[in-house]
Amino acid sequence: MKQISVQTTQRECLIDITSKVSEVVRSIDKTNGICIVFVPHTTAGITINENADPDVKKDIRDTLSRLIPKGANYRHLEGNADSHVKASLVGASVTIMVENKNLMLGTWQGIQFCEFDGPRNRSVLISVF
Amino acid sequence: MKQISVQTTQRECLIDITSKVSEVVRSIDKTNGICIVFVPHTTAGITINENADPDVKKDIRDTLSRLIPKGANYRHLEGNADSHVKASLVGASVTIMVENKNLMLGTWQGIQFCEFDGPRNRSVLISVF
Amino acid sequence: MKQISVQTTQRECLIDITSKVSEVVRSIDKTNGICIVFVPHTTAGITINENADPDVKKDIRDTLSRLIPKGANYRHLEGNADSHVKASLVGASVTIMVENKNLMLGTWQGIQFCEFDGPRNRSVLISVF
């Protein structure tokens, strides 16, 4: 298991970490298997989506914020209840097949770290089995 | 593969099952790997989120109910169409790394069984690979 | 790793691929393990939900379209920003345990390919570990 850091720059943003994950996968002594990318936080998540047009990441962020606005009558009093809900909808991990040390992503797919309560310095755990 | 039971007490609620899953993981004869926790139901799900403040679980439940209300013009006539939609958004499984028989969860993370059509006696499947 | 094709027939629809996935799992030379079903697209996803009443699939589709309508002030200008958001909420993969070459799905569970920008000819990747 390896760990990487992700510095986020806004309260809510998606950050492409595909190249960082690929680098870790190439450094691990396994040729084929599955890669698990896991976010050990409760106000951040991870998803697979388009990287080519950065507007897709903004649309995902903004749509989640429209559906689950910050500060809208939640019980949890830390001001980030919305962040927790968003994290559960997006999910804490992604699973990707690995062949010949390559992530088997589709043409347009990238691995997107989803910050919902930043900016913060976050961790991501990566393993290949 | 092991199976545990979860008795839910309301139509919609999140129940922390982290300690139950940890106990199963310690009982399995594997030291390192990945743990899959799978819900074999279509009106329940599973997520990873905060356990420290129980209000977070209520906020997740209530936000999903606001977005996907019970009985709002669905086609499925069993009165639990909303439960099915919620189950697909939250997901049927979580994947967690295991090191030295410990679940590699973040400080605030717990495994939350999500009941969307209870109260019922539910099953959860657990494996370590 | 094996690949199957799914021909979708509408812009948005859920298509049950359980029997196709089962067939692949039976053809792979592994008796027990976990099956990963992965969608290498950014405007489609995959979920596990009821197959018995086809209305459940329509309710999932229609609820997502109500929450995330097509063409509602998105930045991404290809007309499918909603499809990308839906794909991230549903997720790009499902994980299912395998015992004696059987998918360990619950009684009502089926594997549903989720098309959000069709109709198209899509691919699905399947592996057992």
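List of remarks:
- Only one entry in A:33, A:45, A:91 is open to solvent by less than 10 Å² (accessible area, probe 1.4 Å), touching a strand residue (DSSP E or B) at 6+ places or on another chain (Cβ under 8 Å), at positive phi and at pLDDT 95 or above, namely A:33.
- On the stretch given as segment C:97-125, residues that are under 22 Å from residue A:104 (Cβ atoms), out of contact with any Cys (no Cβ under 7 Å at 6 or more places or on another chain) and assigned to a strand (DSSP E or B) total 10.
- Test: residue A:55 is buried (at least 24 other Cβ atoms within 10 Å of the Cβ), acidic (Asp, Glu) and out of contact with any Asp or Glu (no Cβ under 8 Å at 6 or more places or on another chain): no
- Residue in segment B:115-129 that is facing chain A (nearest Cβ under 8 Å) and surrounded by fewer than 22 Cβ atoms within 10 Å (Cβ to Cβ) present: yes
- Leading residue by the ranking (surrounded by the most Cβ atoms within 10 Å (Cβ to Cβ)) among those in segment C:1-26 that are over 23 Å from residue C:102 (Cβ atoms) and β-branched (Val, Ile, Thr): C:8
- Of the helices (runs of 4 or more DSSP H) lying entirely inside segment C:1-96, those containing at least 3 residues that are at the interface with chain A (Cβ under 10 Å from one of its Cβ atoms) span C:81-90.
- Beta carbons closer than 9 Å, at least 6 apart along the sequence or on distinct chains, pair a first residue in segment C:1-24 that is in contact (Cβ under 8 Å) with a residue 24 or more places away in the chain and within 19 Å of residue C:109 (Cβ to Cβ) with a second that is among the small types (Gly, Ala, Ser) and surrounded by fewer than 18 Cβ atoms within 10 Å (Cβ to Cβ) for C:4/C:123; C:6/C:123.
- Only a single item in (1) buried (at least 18 other Cβ atoms within 10 Å of the Cβ); (2) facing another protein chain (nearest Cβ under 7 Å) is not met by residue C:110, and it is number (2).
- Segment A:25-60 - residue that is touching a Lys or Arg at 6+ places or on another chain (Cβ under 9 Å) and of a type in the set (D, E, K, R) and, of those, farthest from residue C:75 (Cα to Cα): A:30
- Those residues of segment A:48-68 which are in contact with a Phe, Trp or Tyr (Cβ under 7 Å, 6 or more places away or on another chain) and at pLDDT 95 or above, in sequence order: A:50, A:59
The values are calculated or read from the model by the stated rules, or taken from the named source; none is laboratory data. This one's a predicted model, so the numbers in the text were calculated from it and none came from an experiment. Every residue, glycine as well, gets a Cβ built from its backbone with ideal geometry; the counts of neighbours run over all protein chains shown. What goes into the accessible areas is simple: the full protein's heavy atoms, side chains included, and nothing from ligands, DNA or RNA. Shrake-Rupley method; radii C 1.70, N 1.55, O 1.52, S 1.80 Å.
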